[in-house]
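Colleague: One structure, pasted below without further comment.
The values are calculated or read from the model by the stated rules, or taken from the named source; none is laboratory data. What you see is a predicted model, and the numbers here were worked out from it, not measured in a lab. All Cβ positions, even for glycine, are placed from backbone atoms using ideal geometry, and neighbour counts span all protein chains on display. Side chains are part of the model used for accessible areas, which takes the heavy atoms of the whole protein and leaves out ligands, DNA and RNA. Shrake-Rupley method; radii C 1.70, N 1.55, O 1.52, S 1.80 Å.
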Amino acid sequence: MNDPKTGLPSIAGSALDLIGRTPMMEVKNLDTGPCRLFLKLENQNPGGSIKDRVARAMIEAAEADGRLKPGGTIIEATAGNTGLGLAQVATLKGYKLILIVPDKMAREKILHLRAMGVDVRLTRSDVGKGHPEYYQDMAQSLAQSIPGALYANQFENPANPHAHETTTGPEILAQMDGDIDAIVVGVGSGGTLTGVGRYMKANSPKTQMVLADPVGSILRDYVETGSFGEAGSWIVEGIGEDFIPDNAQMDLVSKAYSISDRESVDTARLLLKKEGILAGSSSGCLLAAALKYCREQTEPKRVVTLVCDTGSKYLTKMFNDFWLAAHGFDGRELHGDLRDLIAKRYAEGGVIAIGPDDTLLTAYNRMRSSDISQLPVVDSGRLVGILDESDLLAAVEAGDEAPRFKTLVGAAMTRAVNTLQAHQSIDDLPEVFDRDEVALVVEGEEFLGVITRVDLINHLRLSA
């Protein structure tokens with residue numbers, strides 16, 4: 001509620017009171033064809049995502065029917081945002097929370113959860129439902145092994161779509177003055193589609209529900225054909241599935257779009273540049289589908305989509321140019337030699353390096369802050385040596401009169417460094433790795449960057 005005198009939101013009793021009632025804004029700087037496109041800013045929830053609504057609803061429903069007792073344990077399988085929402089609610093209510101999350105989840109989400117005291121357990125993201133290491137199967141098995149534990153199970157819990165049917169849907173219709181032609185959503189657990197879709201069917205029958213689905217997910221095929229084959233893989237987090245969740249009422253969908261990872265990422269970055277909204281990968285997917293829908297129309301329509309979560313959870317991923325390069329999303333020119341494998345280039349600031357005239361203390365601080373064990377030593381763009389942990393330790397353990405960490409890097413580094421020229425073949429890399437070294441790549445005397453085993457694996461994955 002707003003203060004009638006100031007128009008500002010009134011003082012909240014806790015963060016739980018800040019869930020919902022999120023703002024709506026119109027897109028002004030993107031090509032929306034003949035349509036007007038509006039964004040429901042779910043990133044403004046206290047946990048940073050639309051899943052705060054679901055988390056509160058599931059916990060309060062379990063409290064009401066006695067499944068969750070004071071001081072109890074909650075267990076859930078999540079790609080991140082439901083877990084953050086559950087942590088937001090469970091922490092304030094005094095419950096223990098254990099989350100099973102796939103290993104593709106953004107690091108920022110994991111750090112956020114652990115900072116809140118959550119027990120986070122990673123599992124494989126390359127296996128499907130029915131495999132013992134699939135995140136939902138693991139969560140259900142764990143819940144059965146802990147007496148009195150609540151398996152939140154957003155994929156089947158009716159409180160999930162109910163949260164959207166009673167809050168998200170009514171808010172959207174009210175903010176749009178009752179006039180909406182289409183709403184573009186994604187499906188992870190299915191709660192948003194089903195809850196909002198049911199509300200619109202009852203209160204705004206003209207409103208179409210449009211699905212944004214990552215390439216690799218089976219949901220678009222199911223909408224269009226009623227069947228689906230084997231799922232692929234995708235980078236977008238939180239939406240897309242390899243099965244039809246019980247909470248997903250797919251017959252509510254009127255039209256579906258498949259959106260590639262690259263288009264999702266590019267669109268999320270475009271949203272930040274053009275509209276100033278920092279949003280995550282699923283929001284990029286939804287916005288890309290919404291823009292396609294809008295541009296296909298031949299008459300004006302009013303369309304709504306969601307900013308599902310904040311992009312601050314993806315700064316090391318989709319908003320990181322080096323991450324984009326590692327996934328082949330940067331559009332760089334390919335040369336057919338070792339230059340193609342350098343994900344982080346020295347000239348672009350991608351390599352953590354040191355100069356020969358820097359001190360060992362500076363070198364140590366860079367190793368520690370970047371969690372690396374060796375540093376290329378570069379002087380005016382030329383590779384002149386390498387300093388690793390053993391070099392540093394040997395120098396600082398020298399006699400009592402030694403200057404220790406004030407010693408210059410040039411006096412402690414290894415000068416005899418094996419390098420590869422940029423034009424050399426990928427076939428030259430295994431010999432380097434067999435010596436337990438990284439590949440230091442130069443072009444003439446200019447230092448270009450480093451190639452690791454992971455870079456080679458990634459290159460082979462992208463080339464497959």
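Colleague: Taking a Cβ-Cβ separation under 4.7 Å as the criterion for a possible partner, which cysteines of the chain have none?
Modeller: Result for the chain is CYS285, CYS308, no neighbouring Cys Cβ within the cutoff.
Colleague: So for the stretch 200-358, if I pair up every lysine 8 or more residues apart or on another chain, how many of those pairs have alpha-carbons under 28 Å apart?
Modeller: For the stretch 200-358, qualifying lysine pairs total 24.
Colleague: Hey, another quick one. Given a Förster distance of 45 Å, report the FRET efficiency between ILE244 and GLU389 from their Cβ-Cβ distance, rounded to the nearest 0.05. The partial results should precede the final answer.
Modeller: On the way: r = 51 Å, r/R0 = 1.13.
The pair ILE244/GLU389 has a calculated efficiency of 0.30.
Colleague: By how many degrees, between 0 and 90 and to the nearest 10, does the Cα long axis of helix 191-203 differ from the longest principal axis of the chain?
Modeller: 30
Colleague: Here's something else I'd like to know. How far, in nm, would the chain grow between THR419 and ARG435 when pulled straight, counting 0.36 nm per residue and subtracting the alpha carbon separation?
Modeller: Values: separation 16, 0.36 × 16 = 5.76 nm, distance 1.27 nm.
Between THR419 and ARG435, full extension yields 4.5 nm more.
Colleague: ARG461 versus PHE405, label points 7 Å from Cα toward the beta carbon: distance in nm?
Modeller: 3.6
Colleague: Can you tell me what share of the DSSP beta bridges in the chain is antiparallel? A percent to the nearest 5 is fine. Write down the numbers at each step before the final one.
Modeller: Values: 21 of 57 bridges.
Looking only at bridges with both residues in the chain, the antiparallel portion is about 35 percent.
Colleague: Could the peptides 75-85, 414-424 be put in order, highest first, of the mean number of other beta-carbon atoms found within 10 Å of their residues? Numbers along the way, then the final one.
Modeller: Values: 75-85: 27.5, 414-424: 13.3.
The most tightly packed comes first, giving 75-85, 414-424.
Colleague: How large is the helix-only mean residue ellipticity at 222 nm for the chain, computed as the sum of -39500 (n - 2.57) over DSSP H runs with n ≥ 4, divided by its residue count, in deg cm²/dmol to the nearest 500? Numbers along the way, then the final one.
Modeller: On the way: 16 runs with 156 residues, N = 464.
So the calculated ellipticity at 222 nm is -10000 deg cm²/dmol.
Colleague: Once you compute Rg and the Kirkwood Rh from C-alpha atoms, what is the Rg to Rh ratio for the chain? Before the final figure, lay out each step's value.
Modeller: Numbers: Rg = 25.8 Å, Rh = 24.7 Å.
Across the chain, the Cα-based Rg/Rh ratio is 1.04.
Colleague: Label LYS201 and ASN320 with points 7 Å out from Cα along Cα→Cβ: what is the distance between them in nm?
Modeller: 4.2
Colleague: Something else now. If you take every residue apart from PHE433 with its C-beta less than 11 Å away from the C-beta of PHE433, what net charge results, scoring Lys and Arg +1 and Asp and Glu -1? Could you put the intermediate results ahead of the total?
Modeller: Values: positive: ARG435, ARG453; negative: ASP428, GLU431, ASP434, ASP436, GLU437, ASP455.
Within the 11 Å Cβ shell, the charges total -4.
Colleague: Here is a further query. Just tell me which lysines come within less than 29 Å, Cα to Cα, of LYS5; anything on the same chain fewer than 8 places away is out.
Modeller: Result set, ordered by chain and number: LYS40.
Colleague: OK, next. Mind listing the phi-derived Karplus ³J(HN,Hα) values for the stretch 14-25, rounded to whole Hz, using 6.51, -1.76 and 1.60 with θ = phi - 60°, and x for any glycine or proline?
Modeller: For the stretch 14-25, the Karplus-derived couplings read 6, 4, 5, 6, 8, 6, x, 6, 7, x, 10, 9 Hz, x marking Gly and Pro.
Colleague: Relative to the first principal axis of the alpha-carbon coordinates of the chain, what is the inclination of helix 360-370, with its axis defined by its Cα atoms, in degrees from 0 to 90 and to the nearest 10?
Modeller: Once rounded, the angle reads 30 degrees.
Colleague: Still on this structure: Compute the label zone of ASP337 within the stretch 426-464: residues whose backbone N is under 12 Å from the point 7 Å along Cα-to-Cβ.
Modeller: 426, 442-445
Colleague: Related question: With the full set of protein chains in place, find how many percent of the accessible area of the stretch 75-180 is carbon and sulfur; take the probe as 1.4 Å.
Modeller: On the way: 2170 of 4330 Å².
Whole-percent figure for carbon plus sulfur exposure: 50.
Colleague: Heavy-atom accessible area per residue, the chain, 1.4 Å probe: how many Å²? Mind showing how you got there, number by number?
Modeller: Working: 21400 Å² over 464 residues.
Result: 46 Å² per residue.
Colleague: So, one more: Could you give each residue of the stretch 42-57 its phi-based ³J(HN,Hα) in whole Hz, using Karplus coefficients 6.51, -1.76, 1.60 with θ = phi - 60°, and x for Gly or Pro?
Modeller: 6, 5, 8, 5, x, x, x, 7, 5, 6, 4, 4, 5, 4, 4, 5
Colleague: Would you give the gap between the C-alpha center of the stretch 320-390 and the C-alpha center of the stretch 79-139, rounded to a whole Å?
Modeller: So the separation of the two Cα centres works out to 32 Å.
Colleague: For GLN140 and GLU60 in the same chain, what is the full-extension length gain: residue separation times 0.36 nm, less their Cα-Cα distance, in nm? Show your work: numbers first, answer last.
Modeller: Numbers: separation 80, 0.36 × 80 = 28.80 nm, distance 2.00 nm.
Answer, rounded to one decimal: 26.8 nm.
Colleague: Right, another one. Quick one: 3J(HN,Hα) in Hz for the stretch 114-127, Karplus 6.51/-1.76/1.60 with θ = phi - 60°, rounded, Gly and Pro as x.
Modeller: Calculated HN-Hα couplings, in order: 5, 5, 8, x, 7, 7, 9, 10, 7, 9, 6, 9, 9, 10 Hz.
Colleague: Simple spin-label model, 7 Å along Cα-to-Cβ: ALA12 to LYS273 in nm?
Modeller: Calculated label separation equals 3.3 nm.
Colleague: Helix 453-463 versus the longest principal axis of the chain: what angle, 0 to 90°, nearest 10, using Cα atoms?
Modeller: 50
Colleague: Could you work out the relative contact order of the stretch 133-258, using alpha carbon pairs under 8 angstrom and six or more residues apart, expressed as a whole percent?
Modeller: Details: 205 pairs, mean separation 33.8, N = 126.
Relative contact order comes out at 27 percent.
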